[in-house]
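Q: Sending over a structure as structure tokens; questions will come in a sec.
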Amino acid sequence: VLVIEEVENGLHPSQAAQLLQRLKVSAKERRVRTLATTHSPAILDALEGADHESVVVVSRDASGWSRITRLVDFPDYLILMGRDSLGDNAIRDRLR
């Protein structure tokens with residue numbers, strides 16, 4: 001398992017798609033599961049639609065408890081993705 005905290009750290013946004021593609025190829029070739037965290041709209045926008053199945057959103061509820069929700073399990077997932085990109089939805093704080 002490879003864990004990368006804040007995968008965008010030090011990365012120019014224009015390189016997000018290339019980084020993700022290289023991580024995917026390398027993980028597949030080496031048979032390594034990869035977990036990466038990000039707050040970067042560029043990284044989120046570089047994800048392909050098929051990647052959305054693997055995305056989880058961590059947020060806090062009104063009581064302060066952390067909640068983990070699969071992106072595709074949001075009731076308005078299709079509406080949100082039809083409205084804006086994943087990165088834009090994150091910027092607008094619609095992923096709760």
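Q: Quick one: is residue 36 of a type in the set (A, V, I, L, M, F, W, C), closer than 26 Å to residue 1 by Cα and either surrounded by 15 or more Cβ atoms within 10 Å (Cβ to Cβ) or in contact with an Asp or Glu (Cβ under 6 Å, 6 or more places away or on another chain) (or both)? Lay out the reasoning, then the answer.
A: Values: of a type in the set (A, V, I, L, M, F, W, C): yes; closer than 26 Å to residue 1 by Cα: yes; either surrounded by 15 or more Cβ atoms within 10 Å (Cβ to Cβ) or in contact with an Asp or Glu (Cβ under 6 Å, 6 or more places away or on another chain) (or both): yes.
When the stated conditions are applied, residue 36 passes them.
Q: Hey, could you check region 49-69 for residues that are in a loop (DSSP other than H, G, I, E, B) and open to solvent by less than 100 Å² (accessible area, probe 1.4 Å) and say which is nearest to residue 86 (Cα to Cα)?
A: Our first condition is that a residue be in a loop (DSSP other than H, G, I, E, B); within region 49-69, this holds for 55, 61-65.
Narrowing further to those that are open to solvent by less than 100 Å² (accessible area, probe 1.4 Å): 55, 61, 63-64.
On the way: 55: 11, 61: 21, 63: 26, 64: 25 Å.
Among them, the one singled out is 55.
Q: Scan region 1-18 residue by residue and report those that are open to solvent by 50 Å² or more (accessible area, probe 1.4 Å), among the hydrophobic types (A, V, I, L, M, F, W, C) and either more than 19 Å from residue 91 (Cα to Cα) or in contact with a Cys (Cβ under 8 Å, 6 or more places away or on another chain) (or both).
A: 1, 2, 3
Q: If you check 25, 3, 32, 7, which single one turns out to be part of a strand (DSSP E or B) and modelled with pLDDT of 95 or more?
A: Details: 25 fails: part of a strand (DSSP E or B); 32 fails: part of a strand (DSSP E or B); 7 fails: part of a strand (DSSP E or B).
After ruling out the rest, the residue left standing is 3.
The values are calculated or read from the model by the stated rules, or taken from the named source; none is laboratory data. Worth saying up front: this structure is predicted, and the values here are computed from it rather than measured. No Cβ is skipped: glycine too gets one built from the backbone with ideal geometry, and neighbour counts run over all protein chains shown. Only protein heavy atoms, including side chains, enter the accessible area calculation; ligands, DNA and RNA are left aside. Shrake-Rupley method; radii C 1.70, N 1.55, O 1.52, S 1.80 Å.
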